[in-house]
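Asks: Just dropping this structure here.
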Amino acid sequence: MREQSSIVKQVGSRPQTTILNVLELTGIALFTGKIVRCRFLPALPDTGIVFRRVDLLDKPCIRARASTVVSTPRCTVIGQNGITVQLVEHLLSATYGVGIDNLIVEIDGPEVPIFDGSSQKFVDFFLEAKTVSLAAQKPIFKILEPIEVSSNGTTVKASPSEELIFSYLLHYDAKGVLEHQDYLIKFSKEKYVRQLAACRTFSSYEEIQPLLEKGFIKGGSLENGIIVKDGRVINEGGLRYPNEMARHKALDMIGDLCLIGYDVIASFHGDKSGHSQTTKLAQLIEEKVLEWVHQTPQLHQDWAHTR
(Lines give C-alpha, C1' and ligand atoms only; values in the text may rest on other atoms or scores of the structure.)
Protein backbone atom coordinates (compact mmCIF):
# COMPACT_ATOMS: atom_id res chain seq x y z
CA MET A 1 0.00 0.00 0.00
CA ARG A 2 1.27 3.48 -0.88
CA GLU A 3 2.17 5.89 1.89
CA GLN A 4 -0.74 8.20 2.55
CA SER A 5 -0.56 11.97 2.03
CA SER A 6 1.49 13.75 4.71
CA ILE A 7 -0.44 17.00 4.13
CA VAL A 8 -3.86 15.81 5.37
CA LYS A 9 -5.27 12.89 7.29
CA GLN A 10 -8.72 11.72 8.28
CA VAL A 11 -9.46 12.35 11.94
CA GLY A 12 -13.11 11.32 12.18
CA SER A 13 -16.50 11.50 10.52
CA ARG A 14 -20.01 12.81 11.09
CA PRO A 15 -23.48 12.19 9.66
CA GLN A 16 -24.16 13.83 6.31
CA THR A 17 -27.03 16.29 6.02
CA THR A 18 -29.58 17.68 3.58
CA ILE A 19 -32.62 19.94 3.80
CA LEU A 20 -36.05 18.64 4.79
CA ASN A 21 -38.29 20.98 2.79
CA VAL A 22 -38.26 22.21 -0.81
CA LEU A 23 -37.91 25.99 -1.06
CA GLU A 24 -37.77 28.55 -3.86
CA LEU A 25 -36.09 31.96 -4.08
CA THR A 26 -36.23 34.61 -6.80
CA GLY A 27 -33.88 37.56 -7.10
CA ILE A 28 -31.90 39.79 -9.45
CA ALA A 29 -28.55 38.72 -10.91
CA LEU A 30 -25.72 41.18 -10.29
CA PHE A 31 -23.93 40.91 -13.63
CA THR A 32 -26.75 40.17 -16.08
CA GLY A 33 -29.48 42.18 -14.32
CA LYS A 34 -31.97 39.39 -15.02
CA ILE A 35 -34.45 37.87 -12.57
CA VAL A 36 -33.32 34.37 -11.58
CA ARG A 37 -35.27 31.63 -9.84
CA CYS A 38 -33.56 29.11 -7.57
CA ARG A 39 -35.30 26.00 -6.26
CA PHE A 40 -33.61 24.05 -3.46
CA LEU A 41 -34.24 20.31 -3.23
CA PRO A 42 -33.17 17.66 -0.70
CA ALA A 43 -30.47 15.32 -2.03
CA LEU A 44 -29.25 11.79 -1.35
CA PRO A 45 -26.04 11.04 0.57
CA ASP A 46 -22.78 11.72 -1.31
CA THR A 47 -24.51 14.07 -3.77
CA GLY A 48 -22.73 17.19 -2.53
CA ILE A 49 -23.93 20.59 -3.74
CA VAL A 50 -25.12 20.33 -7.35
CA PHE A 51 -26.43 23.11 -9.61
CA ARG A 52 -28.96 22.07 -12.26
CA ARG A 53 -29.46 24.53 -15.15
CA VAL A 54 -33.19 24.01 -15.74
CA ASP A 55 -33.23 26.75 -18.41
CA LEU A 56 -31.16 24.58 -20.76
CA LEU A 57 -31.94 21.52 -22.83
CA ASP A 58 -31.35 18.28 -20.86
CA LYS A 59 -31.02 20.35 -17.63
CA PRO A 60 -27.25 19.79 -17.22
CA CYS A 61 -25.76 19.54 -13.74
CA ILE A 62 -22.59 21.11 -12.35
CA ARG A 63 -21.01 19.80 -9.15
CA ALA A 64 -19.75 22.52 -6.82
CA ARG A 65 -16.18 21.34 -6.34
CA ALA A 66 -12.80 23.03 -6.54
CA SER A 67 -12.03 20.98 -9.64
CA THR A 68 -15.00 22.54 -11.49
CA VAL A 69 -13.92 26.18 -10.99
CA VAL A 70 -13.40 27.69 -14.44
CA SER A 71 -12.78 31.38 -13.69
CA THR A 72 -12.84 34.02 -10.94
CA PRO A 73 -13.85 37.40 -12.48
CA ARG A 74 -14.82 39.27 -9.28
CA CYS A 75 -16.74 36.14 -8.28
CA THR A 76 -16.43 32.34 -8.45
CA VAL A 77 -17.61 30.57 -11.60
CA ILE A 78 -18.01 26.80 -11.80
CA GLY A 79 -18.62 24.83 -14.96
CA GLN A 80 -18.70 21.46 -16.68
CA ASN A 81 -18.86 20.68 -20.42
CA GLY A 82 -19.06 24.36 -21.31
CA ILE A 83 -22.04 25.07 -19.00
CA THR A 84 -21.41 27.51 -16.14
CA VAL A 85 -22.95 29.11 -13.06
CA GLN A 86 -21.37 32.24 -11.60
CA LEU A 87 -21.45 34.05 -8.27
CA VAL A 88 -21.83 30.78 -6.36
CA GLU A 89 -19.75 31.82 -3.33
CA HIS A 90 -22.47 33.43 -1.17
CA LEU A 91 -24.82 30.48 -1.61
CA LEU A 92 -22.03 27.97 -0.92
CA SER A 93 -20.95 29.96 2.12
CA ALA A 94 -24.49 29.71 3.46
CA THR A 95 -24.63 25.93 2.95
CA TYR A 96 -21.36 25.56 4.82
CA GLY A 97 -22.41 28.03 7.48
CA VAL A 98 -25.62 26.21 8.41
CA GLY A 99 -24.23 22.72 7.77
CA ILE A 100 -25.83 21.43 4.54
CA ASP A 101 -23.81 18.76 2.72
CA ASN A 102 -26.18 17.54 0.01
CA LEU A 103 -28.40 19.86 -2.03
CA ILE A 104 -29.79 20.20 -5.54
CA VAL A 105 -30.01 23.83 -6.68
CA GLU A 106 -32.27 24.19 -9.70
CA ILE A 107 -31.49 27.51 -11.34
CA ASP A 108 -33.02 29.02 -14.48
CA GLY A 109 -30.02 31.13 -15.50
CA PRO A 110 -26.22 31.31 -15.44
CA GLU A 111 -25.92 33.36 -12.26
CA VAL A 112 -26.99 33.05 -8.62
CA PRO A 113 -29.07 36.03 -7.38
CA ILE A 114 -27.17 38.67 -5.42
CA PHE A 115 -29.99 39.73 -3.00
CA ASP A 116 -28.39 42.27 -0.60
CA GLY A 117 -24.81 41.15 -1.33
CA SER A 118 -24.54 38.89 1.72
CA SER A 119 -25.52 35.28 2.43
CA GLN A 120 -28.35 36.26 4.80
CA LYS A 121 -31.24 35.45 2.44
CA PHE A 122 -29.89 31.95 1.78
CA VAL A 123 -29.21 31.35 5.48
CA ASP A 124 -32.74 32.41 6.46
CA PHE A 125 -34.29 30.08 3.88
CA PHE A 126 -32.05 27.14 4.77
CA LEU A 127 -32.93 27.54 8.43
CA GLU A 128 -36.61 27.60 7.40
CA ALA A 129 -36.09 24.48 5.26
CA LYS A 130 -34.53 22.70 8.24
CA THR A 131 -31.52 20.42 8.11
CA VAL A 132 -31.83 16.67 8.60
CA SER A 133 -29.16 14.03 9.22
CA LEU A 134 -28.65 11.13 6.84
CA ALA A 135 -27.42 7.61 7.50
CA ALA A 136 -24.19 8.05 5.51
CA GLN A 137 -21.07 9.50 7.13
CA LYS A 138 -18.92 12.39 5.92
CA PRO A 139 -15.18 12.10 6.67
CA ILE A 140 -13.42 14.89 8.55
CA PHE A 141 -9.84 15.75 7.60
CA LYS A 142 -7.11 17.74 9.29
CA ILE A 143 -4.30 19.80 7.76
CA LEU A 144 -0.90 18.52 8.95
CA GLU A 145 1.41 20.94 7.13
CA PRO A 146 0.89 24.53 5.96
CA ILE A 147 -0.41 25.01 2.41
CA GLU A 148 -0.16 28.49 0.89
CA VAL A 149 -1.09 30.30 -2.31
CA SER A 150 0.51 33.69 -2.94
CA SER A 151 0.36 36.07 -5.89
CA ASN A 152 0.82 39.81 -6.47
CA GLY A 153 1.22 40.63 -2.78
CA THR A 154 -1.75 38.53 -1.65
CA THR A 155 -1.72 35.32 0.37
CA VAL A 156 -4.19 32.70 1.52
CA LYS A 157 -2.97 29.93 3.78
CA ALA A 158 -4.18 26.80 5.57
CA SER A 159 -2.21 25.97 8.73
CA PRO A 160 -2.48 23.06 11.19
CA SER A 161 -4.94 23.81 13.98
CA GLU A 162 -7.00 21.98 16.60
CA GLU A 163 -9.94 24.25 15.75
CA LEU A 164 -11.59 25.41 12.53
CA ILE A 165 -10.65 29.08 12.18
CA PHE A 166 -11.17 31.62 9.42
CA SER A 167 -9.43 35.00 9.48
CA TYR A 168 -8.91 37.82 7.03
CA LEU A 169 -6.73 40.92 6.83
CA LEU A 170 -7.95 43.67 4.50
CA HIS A 171 -5.86 46.72 3.66
CA TYR A 172 -5.94 49.08 0.71
CA ASP A 173 -3.56 51.85 -0.32
CA ALA A 174 -6.19 54.42 0.55
CA LYS A 175 -7.31 56.43 3.53
CA GLY A 176 -10.64 55.79 5.20
CA VAL A 177 -12.78 52.73 5.82
CA LEU A 178 -10.83 50.43 3.45
CA GLU A 179 -7.38 51.30 4.79
CA HIS A 180 -7.30 48.45 7.34
CA GLN A 181 -9.78 45.89 8.66
CA ASP A 182 -9.35 42.44 10.15
CA TYR A 183 -11.59 39.64 11.38
CA LEU A 184 -11.25 36.18 12.95
CA ILE A 185 -13.92 33.57 13.67
CA LYS A 186 -13.53 30.28 15.53
CA PHE A 187 -16.15 28.63 13.41
CA SER A 188 -19.53 27.38 14.57
CA LYS A 189 -22.95 27.48 12.96
CA GLU A 190 -24.20 29.89 15.59
CA LYS A 191 -21.29 32.30 15.11
CA TYR A 192 -21.64 32.18 11.34
CA VAL A 193 -25.34 33.06 11.51
CA ARG A 194 -24.78 35.88 14.02
CA GLN A 195 -21.48 37.34 12.85
CA LEU A 196 -21.07 36.71 9.12
CA ALA A 197 -24.31 36.02 7.26
CA ALA A 198 -25.40 39.68 7.05
CA CYS A 199 -22.05 41.04 5.81
CA ARG A 200 -22.30 42.50 2.30
CA THR A 201 -19.99 42.57 -0.68
CA PHE A 202 -18.28 45.88 -1.37
CA SER A 203 -16.35 47.95 -3.86
CA SER A 204 -14.78 51.35 -4.17
CA TYR A 205 -16.64 53.84 -6.36
CA GLU A 206 -13.56 54.15 -8.58
CA GLU A 207 -13.56 50.39 -9.25
CA ILE A 208 -17.25 49.95 -9.85
CA GLN A 209 -18.20 53.08 -11.85
CA PRO A 210 -16.40 52.11 -15.11
CA LEU A 211 -17.95 48.63 -14.95
CA LEU A 212 -21.41 50.10 -14.47
CA GLU A 213 -20.89 52.51 -17.38
CA LYS A 214 -19.79 49.66 -19.68
CA GLY A 215 -22.81 47.54 -18.71
CA PHE A 216 -20.79 44.78 -17.05
CA ILE A 217 -22.82 45.00 -13.83
CA LYS A 218 -26.41 45.45 -14.99
CA GLY A 219 -28.02 44.52 -11.65
CA GLY A 220 -25.75 46.50 -9.33
CA SER A 221 -27.13 49.09 -6.90
CA LEU A 222 -26.72 50.38 -3.36
CA GLU A 223 -29.29 47.74 -2.41
CA ASN A 224 -26.89 44.84 -3.08
CA GLY A 225 -23.45 46.04 -2.07
CA ILE A 226 -21.42 48.57 -0.11
CA ILE A 227 -19.88 51.40 -2.14
CA VAL A 228 -16.97 53.42 -0.76
CA LYS A 229 -16.22 56.89 -2.17
CA ASP A 230 -13.48 59.19 -0.87
CA GLY A 231 -12.88 56.79 2.02
CA ARG A 232 -16.51 56.82 3.19
CA VAL A 233 -19.47 54.48 2.80
CA ILE A 234 -22.18 56.16 0.70
CA ASN A 235 -24.93 53.60 1.45
CA GLU A 236 -27.77 54.88 3.60
CA GLY A 237 -27.33 53.48 7.10
CA GLY A 238 -23.60 52.90 6.70
CA LEU A 239 -21.97 49.64 7.76
CA ARG A 240 -23.61 46.82 9.70
CA TYR A 241 -20.30 46.18 11.51
CA PRO A 242 -17.21 48.43 11.74
CA ASN A 243 -15.22 45.67 9.96
CA GLU A 244 -18.03 44.48 7.66
CA MET A 245 -15.74 44.30 4.61
CA ALA A 246 -13.23 42.00 6.31
CA ARG A 247 -16.12 39.87 7.56
CA HIS A 248 -17.52 39.62 4.05
CA LYS A 249 -14.13 38.51 2.75
CA ALA A 250 -14.18 35.75 5.39
CA LEU A 251 -17.71 34.85 4.20
CA ASP A 252 -16.40 34.62 0.62
CA MET A 253 -13.43 32.55 1.76
CA ILE A 254 -15.75 30.05 3.45
CA GLY A 255 -17.84 29.78 0.28
CA ASP A 256 -14.79 29.12 -1.89
CA LEU A 257 -13.33 26.60 0.56
CA CYS A 258 -16.69 24.80 0.63
CA LEU A 259 -15.65 23.65 -2.85
CA ILE A 260 -13.19 21.20 -1.27
CA GLY A 261 -16.23 18.97 -0.70
CA TYR A 262 -15.06 17.59 2.64
CA ASP A 263 -14.71 18.95 6.18
CA VAL A 264 -11.12 20.11 6.71
CA ILE A 265 -9.94 21.34 10.11
CA ALA A 266 -7.33 24.10 9.78
CA SER A 267 -6.66 27.73 10.45
CA PHE A 268 -7.45 29.48 7.16
CA HIS A 269 -6.07 33.00 6.76
CA GLY A 270 -6.42 35.44 3.88
CA ASP A 271 -4.25 38.53 3.43
CA LYS A 272 -5.69 40.75 0.64
CA SER A 273 -6.60 37.53 -1.15
CA GLY A 274 -9.61 36.96 -3.40
CA HIS A 275 -11.47 34.23 -5.22
CA SER A 276 -8.57 33.34 -7.50
CA GLN A 277 -6.18 32.56 -4.66
CA THR A 278 -8.75 30.87 -2.40
CA THR A 279 -10.13 28.58 -5.10
CA LYS A 280 -6.56 27.56 -5.98
CA LEU A 281 -5.98 26.71 -2.32
CA ALA A 282 -9.23 24.72 -2.34
CA GLN A 283 -8.01 22.83 -5.41
CA LEU A 284 -4.70 21.97 -3.74
CA ILE A 285 -6.46 20.72 -0.60
CA GLU A 286 -9.04 18.79 -2.64
CA GLU A 287 -6.19 17.01 -4.44
CA LYS A 288 -4.53 16.06 -1.15
CA VAL A 289 -7.84 14.88 0.32
CA LEU A 290 -8.52 12.75 -2.76
CA GLU A 291 -5.06 11.20 -2.48
CA TRP A 292 -6.12 9.99 0.96
CA VAL A 293 -9.55 8.93 -0.28
CA HIS A 294 -8.03 6.87 -3.10
CA GLN A 295 -5.87 5.03 -0.60
CA THR A 296 -8.79 4.25 1.73
CA PRO A 297 -10.96 1.54 0.11
CA GLN A 298 -14.38 2.46 1.53
CA LEU A 299 -13.88 6.20 1.02
CA HIS A 300 -12.62 5.52 -2.50
CA GLN A 301 -15.78 3.58 -3.28
CA ASP A 302 -18.00 6.39 -1.92
CA TRP A 303 -16.07 9.07 -3.81
CA ALA A 304 -16.14 7.15 -7.08
CA HIS A 305 -19.91 6.83 -6.71
CA THR A 306 -20.29 10.63 -6.62
CA ARG A 307 -18.05 11.51 -9.59
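Asks: Would you pick out the residues in the range 267-287 that are among the polar types (S, T, N, Q) and either touching a helix residue (DSSP H, G or I) at 6+ places or on another chain (Cβ under 6 Å) or surrounded by 24 or more Cβ atoms within 10 Å (Cβ to Cβ) (or both)? Steps first, please.
Replies: Filtering the range 267-287 down to residues among the polar types (S, T, N, Q) leaves 267, 273, 276-279, 283.
Within the range 267-287, Ser273, Gln277, Thr278, Thr279, Gln283 meet the criteria.
Asks: Also, I was wondering about something else. Report, by residue number, each residue of the range 148-174 that is within 19 Å of the chain's Cα centre (by Cα) and not small (Gly, Ala, Ser).
Replies: Glu148, Val149, Thr154, Thr155, Val156, Lys157, Leu164, Ile165, Phe166, Tyr168, Leu169, Leu170, listed by residue number.
Asks: Considering every residue within the range 229-244, establish whether at least one is hydroxyl-bearing (Ser, Thr, Tyr), in contact with a strand residue (DSSP E or B) (Cβ under 8 Å, 6 or more places away or on another chain) and within 26 Å of Ser167 (Cβ to Cβ).
Replies: No: the range 229-244 contains no residue that is hydroxyl-bearing (Ser, Thr, Tyr), in contact with a strand residue (DSSP E or B) (Cβ under 8 Å, 6 or more places away or on another chain) and within 26 Å of Ser167 (Cβ to Cβ).
Asks: Related question: Of all residues in the range 81-103, which are surrounded by fewer than 20 Cβ atoms within 10 Å (Cβ to Cβ), in contact (Cβ under 8 Å) with a residue 12 or more places away in the chain and over 23 Å from Val264 (Cβ atoms)?
Replies: Correct list: Asn81, Ile83, Thr84.
Asks: Is it the case that some residue within the range 101-110 is in contact with a helix residue (DSSP H, G or I) (Cβ under 9 Å, 6 or more places away or on another chain) and farther than 23 Å from Gln195 by Cα?
Replies: Within the range 101-110 (the criterion being in contact with a helix residue (DSSP H, G or I) (Cβ under 9 Å, 6 or more places away or on another chain) and farther than 23 Å from Gln195 by Cα), the answer is yes, since at least one residue qualifies.
Residues are listed down the side, and each one gets a yes or a no for (1) under 24 Å from Leu103 (Cβ atoms); (2) in contact (Cβ under 8 Å) with a residue 24 or more places away in the chain:
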residue	(1), (2)
Ser203	no, yes
Gly237	no, no
Gly261	yes, yes
Lys280	no, yes
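Asks: When the residues of the range 27-53 are narrowed to those that are surrounded by 20 or more Cβ atoms within 10 Å (Cβ to Cβ) and free of Cβ contacts under 8 Å to residues at least 60 places away in the same chain, which ends up farthest from Gly225 (Cα to Cα)?
Replies: Among them, the one singled out is Arg53.
Asks: Further question on the same structure: Consider Phe125 carefully, then state whether it is in a helix (DSSP H, G or I) and touching a strand residue (DSSP E or B) at 6+ places or on another chain (Cβ under 8 Å). Spell out how you get there, then give the answer.
Replies: Values: in a helix (DSSP H, G or I): yes; touching a strand residue (DSSP E or B) at 6+ places or on another chain (Cβ under 8 Å): yes.
Answer is yes for this residue.
Asks: Can you find a residue in the range 200-209 that is under 12 Å from Ala250 (Cα atoms) and either among the charged types (D, E, K, R) or buried (at least 19 other Cβ atoms within 10 Å of the Cβ) (or both)?
Replies: yes
Asks: Pull up the range 149-187, narrow it to residues that are among the aromatic types (Phe, Trp, Tyr) and in a strand (DSSP E or B), then point me to the one that is farthest from Glu207 (Cα to Cα).
Replies: Once the filter is applied, the top-ranked residue is Phe166.
Asks: One residue is enough: does the range 250-266 have a residue meeting the conditions among the hydroxyl-bearing types (Ser, Thr, Tyr) and either under 15 Å from Phe166 (Cα atoms) or surrounded by fewer than 20 Cβ atoms within 10 Å (Cβ to Cβ) (or both)?
Replies: The answer is no; no qualifying residue exists.
Asks: Ok, one more. Only one of (1) in a loop (DSSP other than H, G, I, E, B); (2) in contact (Cβ under 8 Å) with a residue 40 or more places away in the chain is not met by Val228, so which one is it?
Replies: Every condition holds for Val228 apart from (1).
Asks: Could you please let me know if Asp302 is at pLDDT below 80, of a type in the set (D, E, K, R) and out of contact with any Pro (no Cβ under 6 Å at 6 or more places or on another chain)?
Replies: In short, yes.
Asks: Something else about it: Would you say Ala198 is part of a loop (DSSP other than H, G, I, E, B), among the aliphatic types (A, V, I, L, M) and closer than 15 Å to Gly97 by Cβ? First the steps, then the outcome.
Replies: Working: part of a loop (DSSP other than H, G, I, E, B): yes; among the aliphatic types (A, V, I, L, M): yes; closer than 15 Å to Gly97 by Cβ: yes.
Against the criterion (part of a loop (DSSP other than H, G, I, E, B), among the aliphatic types (A, V, I, L, M) and closer than 15 Å to Gly97 by Cβ), Ala198 qualifies.
Asks: Quick check: anything in the range 28-38 among the small types (Gly, Ala, Ser) and either closer than 26 Å to Leu281 by Cα or part of a loop (DSSP other than H, G, I, E, B) (or both)?
Replies: There is at least one residue in the range 28-38 that is among the small types (Gly, Ala, Ser) and either closer than 26 Å to Leu281 by Cα or part of a loop (DSSP other than H, G, I, E, B) (or both).
The values are calculated or read from the model by the stated rules, or taken from the named source; none is laboratory data. None of the values given here were measured: they were computed from a predicted structure. No Cβ is skipped: glycine too gets one built from the backbone with ideal geometry, and neighbour counts run over all protein chains shown.
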